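Some notes on the structure that comes next.
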Amino acid sequence: MKIAFFDAKPYDIPHFEECGAAYGITFKFFETKLTEDTANLANGFDGVCVFVNDTVNAAVIDRLSACGVRLIALRCAGFNNIDLQHCFGRIHVVRVPAYSPYAVAEHAMALLLTCNRRIHKAYIRTKDFNFRLDGLTGVDLHGKTVGVIGTGKIGRVFIDICRGFGMQVIAYDKFPAENAGIDYVSLEELFARSDFISLHCPLTEDTYHLINADAIAQMKKGVYLINTSRGALIDAEALLEGIKARKVGAACLDVYEEESDLFFEDFSGHIVEDDTLARLISMPNVIVTSHQAFLTQEALQNIADTTASNIVSFFRDGICDNEVCYKCGNIDHCRKKRKEKCF
């Protein structure tokens with residue numbers, strides 16, 4: 001089993017080398033992202049391993065197929081960067097549905113705490129021996145209402161953390177979790193009541209720009225928005241206008257709509273041409289981290305283990321429970337429900 005590993009980072013390689021040796025998989029690590037220009041690097045490999053900002057559109061899929069690639073192994077949960085319909089009948093796709101919900105949920109709370117209590121500003125001040133407190137006033141989280149959009153594993157862990165702070169939790173999910181003890185409300189009610197709103201839902205056609213100008217207009221003045229899920233859940237231009245209008249009190253972002261050409265790379269010596277991101281980062285009430293919510297030792301090990309297990313299951317066992325295709329969930333057409341490959 002030979003796998004071309006794209007967009008390899010120093011923190012990825014040790015875990016995947018260890019799992020490769022344990023599972024009998026040969027990983028070839030490429031620093032470059034998967035694109036139409038780099039797809040031919042996969043020639044002679046059985047599969048490719050990709051991450052959230054790799055490009056897996058129809059043209060890339062066709063090139064991978066021509067190279068003999070049979071499997072695309074995502075080392076993440078989301079698959080919105082893959083043209084699943086074009087993959088069908090050509091290349092199978094597997095993913096890591098969960099790696100550490102605690103890592104992401106804890107990072108979301110870390111962002112909220114940092115922004116609320118101005119920890120980032122206090123850190124910079126004290127480095128200059130400035131111990132003044134003006135401009136550092138926050139609010140008690142206890143008793144405040146947090147609205148959680150998306151109550152999968154990560155969302156539910158975040159809810160538990162918020163309850164530990166004594167916060168009132170309300171939630172919205174298109175598919176509410178039964179018997180979960182969660183107070184579900186409509187999206188409109190969540191917008192109107194929440195002091196803080198945290199996003200933990202996947203990016204789909206229904207959730208694209210879920211937070212837009214109309215949504216922000218329905219929110220409380222001074223609302224905090226936290227996004228550790230997918231950047232395009234928030235219309236960045238609308239968010240910027242909401243901040244400028246003092247409607248949005250703060251934004252805590254681990255993801256960004258146009259992050260693919262920026263995140264995970266060092267641009268400290270360059271002029272960043274994304275004006276929207278540059279303006280957001282310049283705002284005193286905005287914190288941006290570079291898609292690092294997943295980045296814990298436990299999560300990295302789980303990602304490597306599950307990815308390797310997916311590859312072995314596909315090539316040795318002929319089926320993988322974590323395979324995804326555009327027909328998944330359709331009872332009439334889903335072969336996976338019959339314990340078969342998707343095609």
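Of note:
- Packing here is the average count of other Cβ atoms within 10 Å per residue, and on that basis the peptides 80-91, 103-114, 135-146, highest first, run 103-114, 80-91, 135-146.
- Placing +1 on the Cβ of every Lys and Arg and -1 on the Cβ of every Asp and Glu, with nothing else charged, gives the chain a dipole about its Cα centre of roughly 740 debye.
- Under a 5 Å amide H cut-off, with hydrogens placed 1.01 Å from N, CYS49 pairs with ALA4, PHE5, PHE6, ALA73 among residues at least 5 apart or on other chains.
- Sulfur and carbon atoms: percent of accessible area, the stretch 75-201 [1.4 Å]: 52
- Radius ratio Rg over Rh of the stretch 220-343, counting only Cα atoms, Kirkwood formula for Rh: 1.13
- Amide H contacts of VAL248: GLY222, ILE243, each under 5 Å away and 5 or more positions distant or on a separate chain (H built 1.01 Å from N in the peptide plane; Pro and chain starts excluded).
- Solvent exposure ordering (accessible area, 1.4 Å, most first) of SER186, SER198: SER186, SER198
- Solvent-accessible area of ASP274, all protein chains in place: 30 Å² (probe radius 1.4 Å, heavy atoms, ligands and nucleic acids excluded).
- Sorting LYS339, LYS121 by accessible area puts them as LYS339, LYS121; the probe is 1.4 Å, largest comes first, and only protein heavy atoms count.
- Heavy atoms of the protein chains alone define the surface here; on that basis the chain has 48 Å² accessible area per residue at 1.4 Å probe size.
- Folded to 0 to 90 degrees: helix 153-164 orientation relative to the chain principal axis, Cα: 30
- Separation of the ARG125 and THR204 label points, Cα + 7 Å toward Cβ, nm: 4.5
- Taking 7 Å steps out from each Cα toward its Cβ at SER290 and TYR184 produces label points 3.9 nm apart.
- The stretch 1-124: C-alpha gyration tensor shape, a/c 1.5 cut-off, then a/b vs b/c: prolate
- Sequentially through the stretch 120-130, phi angles give Karplus couplings (6.51, -1.76, 1.60; θ = phi - 60°) of 5, 6, 4, 4, 5, 4, 5, 5, 9, 6, 9 Hz, Gly and Pro residues having no value and appearing as x.
- Degrees separating the helix 13-23 axis from the principal Cα axis of the chain, which is the longest one: 40
- With the convex hull of its Cα atoms as the shape, the chain has an orientation-averaged projected area of 18.9 nm².
- Extending 7 Å from the Cα toward the beta-carbon at both ARG335 and ALA21 defines two label points whose distance is 3.7 nm.
- Computed 3J(HN,Hα) for the stretch 202-216, one whole-Hz value per residue from the Karplus formula 6.51 cos²θ - 1.76 cosθ + 1.60 where θ = phi - 60°, is x, 8, 9, 4, 6, 9, 4, 6, 4, 9, 10, 4, 5, 5, 4, glycine and proline marked x.
- In the context of the full protein assembly, PHE131 retains an accessible surface of approximately 140 Å², using a probe radius of 1.4 Å and ignoring ligands and nucleic acids.
- Nearest-10 value in Å² for the accessible area of HIS92, using the 1.4 Å probe: 20
- Derived scalar couplings between HN and Hα for the stretch 278-287 equal 4, 6, 4, 4, 6, 6, x, 10, 10, 10 Hz in order, rounded to whole Hz, by the Karplus curve 6.51 cos²θ - 1.76 cosθ + 1.60 (θ = phi - 60°), x for Gly and Pro.
- Distance between the stretch 71-119 and the stretch 187-243 - C-alpha centres, whole angstrom: 19
- Gain upon complete extension [TYR326, THR137; 0.36 nm per residue less C-alpha separation]: 63.2 nm
The values are calculated or read from the model by the stated rules, or taken from the named source; none is laboratory data. In this text the structure is predicted, and so the values were computed from the model without any measurement. In this analysis, Cβ positions are derived from the backbone assuming ideal geometry, glycine residues included, and neighbour counts consider all displayed protein chains. These area figures cover heavy atoms from the full protein model, side chains too; ligands, DNA and RNA do not enter into them. Shrake-Rupley method; radii C 1.70, N 1.55, O 1.52, S 1.80 Å.
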